[in-house]
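Student: Let me give you the structure first, and then I'll get to my questions.
The values are calculated or read from the model by the stated rules, or taken from the named source; none is laboratory data. Just so you know, these numbers come straight off a predicted model, no measurement behind them. A quick note on method: Cβ atoms are made from the backbone with ideal geometry, for glycine too, and the neighbour counts reach across all protein chains shown. Please note that ligands, DNA and RNA were not included when accessible areas were found on the heavy atoms of the full protein model with its side chains. Shrake-Rupley method; radii C 1.70, N 1.55, O 1.52, S 1.80 Å.
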Amino acid sequence: MSRLISLLLLCSLSSLCTVANAQKLYKCRVNGTLVYSGAPCKGVTSTPVDVPDAPKPDPAVAAELKRQEIALDRLEKERLIREKQDKRYADSDARLAAGRRNRCEKLRLQKKFADDEVTAAVGLETQALKEKAMRVAEYVASECPD
């Protein structure tokens, strides 16, 4: 990745040099100081400076840059696909967790009703209701450990 950044920086700097070459450059002495300017200096003699053209870009560097751009595009597409899959998995997990919470709430409510029936029961039906409440409690404990 740092190599790609270096190549991009090199390309942008070479394009800046090309733009700079299209302009004129002047050299002048102002109060004894050598000054370079994009326009002739006012009040003093200005000498145009010949600026050599920027070197042509290396075809190998351009080919490497193209290869890295293609690799970057491929990696970006793969990342987007992975993120999409991760979101689907997370959404699915959230739906499953919500369904489990609802089921546990229903089971806990059944346990509460069974416990209420035991407290309201009298006589012979008390033992049967206690066994039913115990089975419901065991079922809730096995399905909803939290």
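Student: Of VAL122, VAL118, which residue is under 25 Å from ASP146 (Cα atoms), more than 41 Å from the chain's Cα centre (by Cα) and of a type in the set (Val, Ile, Thr)? Walk me through how you get there before you give the answer.
Tutor: Working: VAL122 fails: under 25 Å from ASP146 (Cα atoms).
Matching residue, one of VAL122, VAL118: VAL118.
Student: For the subset of segment 54-77 comprising residues that are touching a Cys at 6+ places or on another chain (Cβ under 9 Å) and open to solvent by 100 Å² or more (accessible area, probe 1.4 Å), which member is nearest to LYS27 (Cα to Cα)?
Tutor: Result: PRO55.
Student: Regarding segment 78-85, can at least one residue be identified that is under 30 Å from GLU143 (Cα atoms) and out of contact with any Asp or Glu (no Cβ under 7 Å at 6 or more places or on another chain)?
Tutor: yes
Student: Can you confirm whether segment 36-45 contains a residue that is open to solvent by 90 Å² or more (accessible area, probe 1.4 Å), assigned to a helix (DSSP H, G or I), free of Cβ contacts under 8 Å to residues at least 12 places away in the same chain and of a type in the set (D, E, K, R)?
Tutor: no
Student: What number of residues within segment 89-116 are open to solvent by 70 Å² or more (accessible area, probe 1.4 Å), touching a residue at least 24 places away in the same chain (Cβ under 8 Å) and within 19 Å of ALA128 (Cα to Cα)?
Tutor: So the answer is 1.
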